[in-house]
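No value in this document is a laboratory result; all are computed from the given coordinates. None of the values given here were measured: they were computed from a predicted structure. When we count neighbours, we look across all protein chains shown, and the Cβ atoms used for this are built from the backbone with ideal geometry, even at glycine.
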Amino acid sequence: MTDELLQDAAVRFEEALPHARLSEDTRERLARPRSSLKVSIPVRMDDGSLRTFAGYRVRYDVTRGPAKGGIRFNAGVTAAEVTTLAFWMTFKTALMDLPFGGGKGGVAVDPKELSTAELERLSRGYIEATADVIGPDIDIPAPDVATNEMVMGWMAHEYAVIQRGHEPAALTGKPLALGGIPGRSSATSDGALHVIRHLRDRVLPDVDAPRAAIQGFGNAGAQLASGLAEDGWRVVAVSDSSAAVYDEDGLDVAKLREHKSSTGSLGDAPVGEVLDPEQLIAVACDALIPSALEGAIHGDNAGDVRARVVFEVANGPVTADADRILDDLGVDVVPDILVNAGGVTVSWFEWIANRQGDRWSEELVRERLEERMLAETRAVADLADERGLRLRTAAYVHALERLTDAVDATGTSALFGQSR
Ligand code: GLU
């Protein structure tokens, strides 16, 4: 799966190349990560035994600024997965014009198997193992799958202990009390809502009360379900790893969120019809919104999709094979590097505030997030129209041209006549 991921990422990159203003230097720079660190993290378990977990931190490209990207705790984490995710972060930060490169980290662990105290020791152990390559001007981690504010708080504290001094801008997504920023935990879904609102008439013309099916009911998926319901959408289906819940008239999202937070899963949901989680992909809807892990829509199930548009809230949820099938079916795909960029954008605000020793109001965060999301959504849509590209390719081209400008500004390729 994960080597396929890297290949998939390469396919998207190759597809964008002929359409972008690009130098040979950029191609060469982006061919492999700047640095990859693999660590072993020894953790004292509650029963007194010692267990070792594999951890990773990859800085893919740092031409536009220090590496930026989350850390995930997931059993399936591998070097190839983290590398691919860091590659995507490079494009995401360039697309959003943030002064960052792309990085990513992860630990191969099923966090559900660990107690809270074990998770804390693992989080601190991750920082102890990677502290040399982290810092406000080097690489700035943040939350990702199954890591949250609490985890970032432990990590930021551990980093301060190691540095023997406060360095809040070294990590983002922290609790407010430790230099976090208001609105960071809803930033991914808030950003996605801006993109969806802006593109709605383009991808779903003449649809009143459109139907959404959301795969993944974690931080981003559950908040987005509420936001869409408030915007007048019918959320007809949601799923997590245990179940899918369906109601063609629209689900009571508030009730489902309550059920999920009290029981930990969507199984036995008090509303709608409970289905197998895999059935969500094939639900009749207007927008399918994968918000969990990569590869959810693949060559074997893309043909079952009955939506008119896919909004990628997860990173990499549609494989390159599936992309081709969806294209043949006439299903638009709005890509992850745009749709889920709200998270890293608000991380940027947090980093700025920390470096200035300032605090931002929630209102300022909301205002500036909306401005950034709309500006880049418009830019991607205009580029797609001007050059006759799909939205994914347009997003990659837009990011690649920013990367090219930065790479060329650091080198002498123009002297050798290599720019085209
Ligand atoms: N994990 C998020 C992402 O994939 C946020 C990264 C960040 O804030 O640095 O975009």
Gaussian network model of the chain, Cα within-10 Å springs - most flexible of Lys112, Lys104, Lys92: Lys112
Coarse-grained scattering of the range 198-248 at q = 0.23 Å⁻¹, given as base-10 log I(q)/I(0) from a Debye sum over alpha-carbon atoms: -0.87
If the viscosity is 1.567 mPa s and the temperature 4 °C, what translational diffusion coefficient in µm²/s does Stokes-Einstein give for the range 174-220 when Rh comes from Kirkwood over Cα pairs? 100 µm²/s
P(r) of the range 133-262 in 5 Å steps, Cα pairs, percent per bin? 2, 10, 17, 17, 14, 12, 10, 9, 6, 3, 1, 0
Expressed in angstrom and ordered largest first, the alpha-carbon extents of the range 283-420 along the principal axes are 49, 48, 26
Considering only Glu370, Glu113, Glu362, give the residue with the highest GNM mean-square fluctuation for the chain, with springs between Cα atoms whenever their separation is below 10 Å. Glu113
Around Val236, under 10 Å between beta carbons, what's the net of Lys plus Arg minus Asp minus Glu among the other residues? -2
How much net charge surrounds Ile337 when only other residues with a Cβ under 10 Å from its Cβ are counted (Lys, Arg +1; Asp, Glu -1)? 0
P(r) of the range 192-331 over all Cα-Cα pairs, binned every 5 Å from zero, in whole percent: 2, 11, 23, 25, 20, 13, 5, 1, 0
For the range 20-129, the Debye formula with one identical point scatterer on each Cα and no solvent gives log10 I(q)/I(0) at q = 0.09, 0.14 Å⁻¹ as -0.28, -0.59
Here the averaged projected area of the range 334-374, based on the convex hull of its alpha-carbon atoms and given in nm², is 2.9 nm²
Just to check, using Stokes-Einstein with a Kirkwood Rh over alpha carbon pairs, what's the diffusion coefficient of the chain at 20 °C and 1.002 mPa s in µm²/s? 99 µm²/s
I'd like to know how the range 320-391 sits against the 2.2 N^0.38 Å rule of thumb: what's its Cα Rg over that expected value? 1.47
In debye, nearest 20, what is the charge dipole magnitude of the chain about its Cα centre with +1 on Lys and Arg Cβ and -1 on Asp and Glu Cβ, if you could check? 1320 debye
Taking the Cα centre of the range 321-420 as origin, sum charge times position over the Cβ atoms of Lys and Arg (+1) and Asp and Glu (-1), and report the length of that vector in debye to the nearest 20. 320 debye
Can you list which of the trypsin sites (Lys or Arg not before Pro) found in the range 12-74 are DSSP loop residues with at most 15 other C-beta atoms within 10 Å? Arg21
Calculated FRET value between Thr52 and Gln279, using beta carbons and R₀ = 35 Å, to 0.05: 0.35
Surrounding charge for Ala220, neighbours by C-beta under 15 angstrom, Lys/Arg +1, Asp/Glu -1, total -2
Need one number: % antiparallel among DSSP beta bridges in the chain, to the nearest 5. 50 percent
Pairs of lysine in the chain with Cα under 28 Å and at least 8 positions apart or on different chains: total? 17
If one builds a Gaussian network model of the chain from Cα atoms under 10 Å apart, the most fluctuating residue listed among Val207, Val333, Val235 is Val207
